[in-house]
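Asker: To start, I am sharing the structure in question, which I have written as structure tokens.
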Amino acid sequence: MNKNILALIVIFLCIGCLGLGYINAYNNKDVITQDSSEGGKKNKNIISTDAKVGVIDLQGVIENSAKSELFSMDYSASNALKSLRSAVDDNSVKGIILRINSPGGTVAMSQNINEEVMRVRANKPVIVLIEDMAASGGYYIACAGDRIIAKEGSLTGSIGVIFSTFDLHKLMQDKLFINSNVIKSGRFKDIGSSYREMTNDEKTLLQDIVDDSYEQFISAIVNGRVNRDDKYTAEKTHLTENKLREIADGRIFTGSQAKKLGLVDITGGINKAEEVMQTMVNEKFNSKTKIKLVNYNKKSSLNEYLFGVTESLFNRNLEVSSLLPVSMRLTKRPLYLWE
């Protein structure tokens, strides 16, 4: 294709997306949609200098990735992290409702968000609302909240770690007659290689990594839930470390099962979260002011949008990778993930 024509297409796409982005931002400005199953209605709140409760959405796989929705709501893990960091120092935000719909993701990103939720929690109440799912890394983040609310049919748990690699050596050698030549500085330098069978020593080393990551998961739940000592009167369930280790074998639970086990505090949706948050804000700040909920996810900047578009245009493996299970796409790293 002629380079001039390609440049014109890109320019027109950018202009068109700019217009659509502004329209989308205008139409979706800080709208909180109440759960219709609880008799709620759509309620529009404009962010102002008045006290408010920020609602931050985290959807999809938890990883550090770029998005390309210009000036629209970005519900990625990266944006949720950015929004939480902003909320810590925003004095107008008196509490956070973090809505999660995620099967989990990478260990480090889950830990980053967990730590940021704990930072917010130190100064203002945080409620985590589990929608369809908050499994593995999603629960790792959820356990940092003061209270966890979930629907009876939500899925959560999957407390554990998975580490995946491909083993293609028989296909490469026996079918395609391709051999791999590797020169390395140490015997573990190519650990997890797809081009040869994994040794027992390598399996032991990787198992140690998985076990250590698992203990970090347990510690996060103990820190966030077992050792809770807040004075909020909002309902909360009791969880011991012994009980936690008994059920933390990777199994998943419904919201109602998780509540009985102490992994979830309350069953309900956004209306219940708003009701509980009202109580917690009043107790924290000795106030009787009626709170309002506002969307607090940060909108993508122009630079972030252009970066995302460029990455999409030149990433030739995008369509193929989207068809793979997440654990196969994110190989050679420990994951807090259920799929």
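Asker: Out of the residues in region 196-211 meeting the condition of being assigned to a helix (DSSP H, G or I) and not aliphatic (A, V, I, L, M), tell me which one is surrounded by the fewest Cβ atoms within 10 Å (Cβ to Cβ).
Answerer: Initial filter on region 196-211 (assigned to a helix (DSSP H, G or I)): 200-211.
Among the residues that remain, those that are also not aliphatic (A, V, I, L, M) are: 200-204, 207-208, 211.
Values: Asn200: 7, Asp201: 11, Glu202: 18, Lys203: 11, Thr204: 9, Gln207: 11, Asp208: 10, Asp211: 12.
Residue satisfying both the conditions and the ranking: Asn200.
Asker: Do any residues in region 232-244 that are more than 13 Å from Thr279 (Cα to Cα) have Cβ atoms under 6 Å from those of residues that are charged (D, E, K, R) and part of a loop (DSSP other than H, G, I, E, B), where the two are at least six apart or on different chains, and which pairs are they?
Answerer: Qualifying pairs under 6 Å: Lys236/Asp265; Thr237/Asp265.
Asker: Same structure again: Tell me, which residue of region 251-275 that is hydrophobic (A, V, I, L, M, F, W, C) and under 16 Å from Glu131 (Cβ atoms) is surrounded by the most Cβ atoms within 10 Å (Cβ to Cβ)?
Answerer: Filtering region 251-275 for residues that are hydrophobic (A, V, I, L, M, F, W, C) and under 16 Å from Glu131 (Cβ atoms), the one surrounded by the most Cβ atoms within 10 Å (Cβ to Cβ) comes out as Val264.
Here is a yes/no grid of residues against (1) within 18 Å of the chain's Cα centre (by Cα); (2) in a helix (DSSP H, G or I); (3) of a type outside the set (A, V, I, L, M):
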site: Asp174; (1), (2), (3): no, yes, yes
site: Ile178; (1), (2), (3): no, no, no
site: Asn181; (1), (2), (3): no, no, yes
site: Ser194; (1), (2), (3): no, no, yes
site: Ser213; (1), (2), (3): yes, yes, yes
site: Asn223; (1), (2), (3): no, yes, yes
site: Glu235; (1), (2), (3): no, no, yes
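Asker: To continue, here is another question. Need pairs with beta-carbon distance below 8 Å; first residue on the phi < 0 side of the Ramachandran plot and within region 273-299, second among the basic types (Lys, Arg) and assigned to a helix (DSSP H, G or I); sequence gap 6+ or separate chains.
Answerer: Every condition considered, the pairs that remain are Lys298/Lys82.
Asker: Of a type outside the set (Asp, Glu) and touching a Phe, Trp or Tyr at 6+ places or on another chain (Cβ under 7 Å): which single residue out of Val182, Val210 fits that description?
Answerer: Working: Val182 fails: touching a Phe, Trp or Tyr at 6+ places or on another chain (Cβ under 7 Å).
On inspection, the qualifying residue turns out to be Val210.
Asker: Let me ask another. Which of the residues belonging to region 146-172 are within 19 Å of the chain's Cα centre (by Cα) and under 26 Å from Val210 (Cβ atoms)? I'd like the intermediate steps shown before the answer.
Answerer: Looking only at region 146-172, we keep the residues that are within 19 Å of the chain's Cα centre (by Cα), and these are 146-151, 154-163.
Once the filter is applied, which keeps residues that are within 19 Å of the chain's Cα centre (by Cα) and under 26 Å from Val210 (Cβ atoms), region 146-172 yields Ile148, Leu155, Thr156, Gly157, Ser158, Ile159, Gly160, Val161, Ile162, Phe163.
Asker: Quick check on my filter: what residues within region 184-231 are out of contact with any strand residue (DSSP E or B) (no Cβ under 8 Å at 6 or more places or on another chain) and of a type in the set (Phe, Trp, Tyr)?
Answerer: Phe188, Tyr195, Tyr214
Asker: Here's another thing I want to ask about it. So which of Ser78, Ser68, Ser48 ends up being at pLDDT below 95, outside any helix (DSSP H, G or I), over 19 Å from Ile291 (Cβ atoms) and of a type outside the set (A, V, I, L, M, F, W, C)?
Answerer: Ser68
Asker: Taking region 231-259 as the region of interest, how many residues are among the charged types (D, E, K, R) and touching a Ser or Thr at 6+ places or on another chain (Cβ under 8 Å)?
Answerer: Pass one, region 231-259, residues among the charged types (D, E, K, R): 231, 235-236, 241, 243, 245-246, 249, 251, 259.
Remaining after also requiring touching a Ser or Thr at 6+ places or on another chain (Cβ under 8 Å): 251, 259.
Qualifying residue count, region 231-259: 2.
Asker: Okay, next question. Can you tell me which residues in region 251-301 are in contact with an Asp or Glu (Cβ under 7 Å, 6 or more places away or on another chain), in a helix (DSSP H, G or I) and of a type in the set (Gly, Ala, Ser)?
Answerer: The answer is Gly255, Ser256.
Asker: Now, a different point. From the list Ser154, Ser136, Ser78, Ser110, pick out the single residue that is of a type in the set (S, T, N, Q) and surrounded by fewer than 24 Cβ atoms within 10 Å (Cβ to Cβ).
Answerer: Among Ser154, Ser136, Ser78, Ser110, only Ser78 is of a type in the set (S, T, N, Q) and surrounded by fewer than 24 Cβ atoms within 10 Å (Cβ to Cβ).
Asker: Going by the conditions given, is Gln278 surrounded by 14 or more Cβ atoms within 10 Å (Cβ to Cβ) and at pLDDT 95 or above? Steps first, please.
Answerer: Working: surrounded by 14 or more Cβ atoms within 10 Å (Cβ to Cβ): yes; at pLDDT 95 or above: yes.
Criteria met by Gln278.
Asker: Another one. Looking at region 125-171 only, could you name the residues that are assigned to a helix (DSSP H, G or I), out of contact with any Lys or Arg (no Cβ under 9 Å at 6 or more places or on another chain) and not basic (Lys, Arg)?
Answerer: Hits for region 125-171 are Gly137, Gly138, Tyr139, Tyr140, Ile141, Ala142, Leu171.
Asker: Only residues in region 75-93 that are farther than 15 Å from Arg121 by Cβ count as the first member; pair them with residues that are in a helix (DSSP H, G or I) and among the hydroxyl-bearing types (Ser, Thr, Tyr), Cβ under 9 angstrom, at least 6 apart or cross-chain, and list the lot.
Answerer: What qualifies is Ala77/Ser110.
Asker: Among the residues of region 185-192, are any within 24 Å of Gly250 (Cα to Cα) and surrounded by 12 or more Cβ atoms within 10 Å (Cβ to Cβ)? Let's see the steps before the verdict.
Answerer: Filtering region 185-192 down to residues within 24 Å of Gly250 (Cα to Cα) leaves 192.
Subset that is surrounded by 12 or more Cβ atoms within 10 Å (Cβ to Cβ): 192.
Taking every residue of region 185-192 in turn, at least one turns out to be within 24 Å of Gly250 (Cα to Cα) and surrounded by 12 or more Cβ atoms within 10 Å (Cβ to Cβ).
The values are calculated or read from the model by the stated rules, or taken from the named source; none is laboratory data. Quantities reported herein were computed from a predicted structural model and do not represent experimental measurements. In this analysis, Cβ positions are derived from the backbone assuming ideal geometry, glycine residues included, and neighbour counts consider all displayed protein chains.
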